[in-house]
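Have a look at the structure below, then the notes.
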Amino acid sequence: MQRPSPHSPLLSLPGAVPAEGRDEGVAAHYGDLFREQRSLADGAGFVDLSHRGVVTVTGDDRLSWLHLLLTQHVSDLPAGQATEALILSANGHIEHALSLVDDGETVWAHVEPGTRDELIAYLESMKFFYRVEVADRTEEFAVVHLPAGSTAGAPGGAVVRETAYGRDLFLPRAELESFAAAHGPAAGVLAYEALRVEGHRPRLGFETDHRTIPHEVGLIGTAVHLQKGCYRGQETVARVQNLGKPPRRLVFLHLDGSEVTLPGHGTPLRLASEGPEGRQLGFVTSAVRHHELGPIALALVKRNVPVDAPLIAGTTAAAQETVVEP
């Protein structure tokens, strides 16, 4: 049974409203969702992601060993360079997503809540004779996100993972409250999710299901390296790359702003011309309220859905933008 991540002490901050579902354990928001989004967009504040799992790999063979298992080229990953990587099934379906950085001695990865135990079990089963040690560091370290443009410094003892979207800190969990006091205002995961959806960035367990392959959600290039050696599931990646025909594709949706509620994860998508009783052509994966764009969403649709076709999500009108080309 998956052990839950520790509940964040920042849930005691004024105005904190606990998140539910997969993001349980941190704040959904601190009383003003749009203000929190604007702060992040302006490079201010931080997001408490301490519910995410933290896994480390140490040992002389850590990079060459991970290179054999991951979709990403990491055998000569420079210290301090961030990357994304996947672990696929034998059939090429996405099983795990890792956000990585190597500090010169240790590979640090943060992963989706609820996935670390299964990931660690898989990594342990693949150690064989390699000089590596895998550890669950979730009880010791918390993930904190600083948005792009933030001038906040990283405290001593923190490991920094810098990307185009900002910096992820692997922060000693005991320092989480003092960090919040020094680097506020805090923003909840709903603000973080709104900017993620705006950026068309897929999330494991939201934009993916048990049969998702990397091409469907636009992870080729960012999390999958096409010129590296063998790894589990590579045959599927190569076949789809050569044929160019993934069965589904990720789209971005502008939703009707007059609706009071957002369509939930899994809400069926149909052609607007066929109405709510028409053929299901896909489903909503993440729906959020954005401070500038209004209600928006990511969704998976069948490859052959016309890119300019008006859709409905349940009963909500939805205009699509292409993320993954058909």
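Can you find a residue in region 270-279 that is crowded, with 16+ Cβ neighbours inside 10 Å and assigned to a loop (DSSP other than H, G, I, E, B)? No.
So that you can scan it fast, the table gives a plain yes or no per residue for (1) under 14 Å from residue 59 (Cα atoms); (2) surrounded by fewer than 20 Cβ atoms within 10 Å (Cβ to Cβ):
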site: 97; (1), (2): no, no
site: 103; (1), (2): yes, yes
site: 114; (1), (2): no, yes
site: 129; (1), (2): yes, yes
site: 136; (1), (2): no, yes
site: 141; (1), (2): no, no
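The single condition among (1) in contact with a Ser or Thr (Cβ under 6 Å, 6 or more places away or on another chain); (2) closer than 18 Å to residue 87 by Cα that residue 255 does not satisfy is (2).
In the set (1) closer than 25 Å to residue 199 by Cα; (2) touching a helix residue (DSSP H, G or I) at 6+ places or on another chain (Cβ under 8 Å); (3) of a type in the set (Ser, Thr, Tyr), residue 83 fails one condition alone, (2). The residues of region 283-294 that are part of a strand (DSSP E or B) and either in contact (Cβ under 8 Å) with a residue 60 or more places away in the chain or surrounded by 22 or more Cβ atoms within 10 Å (Cβ to Cβ) (or both), listed by number, are 284, 285, 286, 287, 288, 289, 290. A single entry from 232, 211 fulfils the requirement of being in contact with a His (Cβ under 8 Å, 6 or more places away or on another chain), more than 30 Å from residue 41 (Cβ to Cβ) and outside the structural domain of residue 70 (by TED's automatic domain parsing): 211. Counting only strands (runs of 3 or more DSSP E) that sit wholly inside region 1-83, those with at least 1 residues that are of a type outside the set (A, V, I, L, M, F, W, C) and outside the structural domain of residue 144 (by TED's automatic domain parsing) are 53-58. Which residues, counting only those in region 26-78, are more than 21 Å from residue 167 (Cβ to Cβ), crowded, with 21+ Cβ neighbours inside 10 Å and among the acidic types (Asp, Glu)? Once the filter is applied, which keeps residues that are more than 21 Å from residue 167 (Cβ to Cβ), crowded, with 21+ Cβ neighbours inside 10 Å and among the acidic types (Asp, Glu), region 26-78 yields nothing. Considering region 308-326, and only residues there that are outside any strand (DSSP E or B) and within 20 Å of residue 219 (Cβ to Cβ), the residue that is farthest from the chain's Cα centre (by Cα) turns out to be 326.
The values are calculated or read from the model by the stated rules, or taken from the named source; none is laboratory data. These numbers were taken from a predicted model, which means no experiment stands behind them. Please note: Cβ atoms are built from the backbone with ideal geometry, for glycine as well, and neighbour counts cover all protein chains shown.
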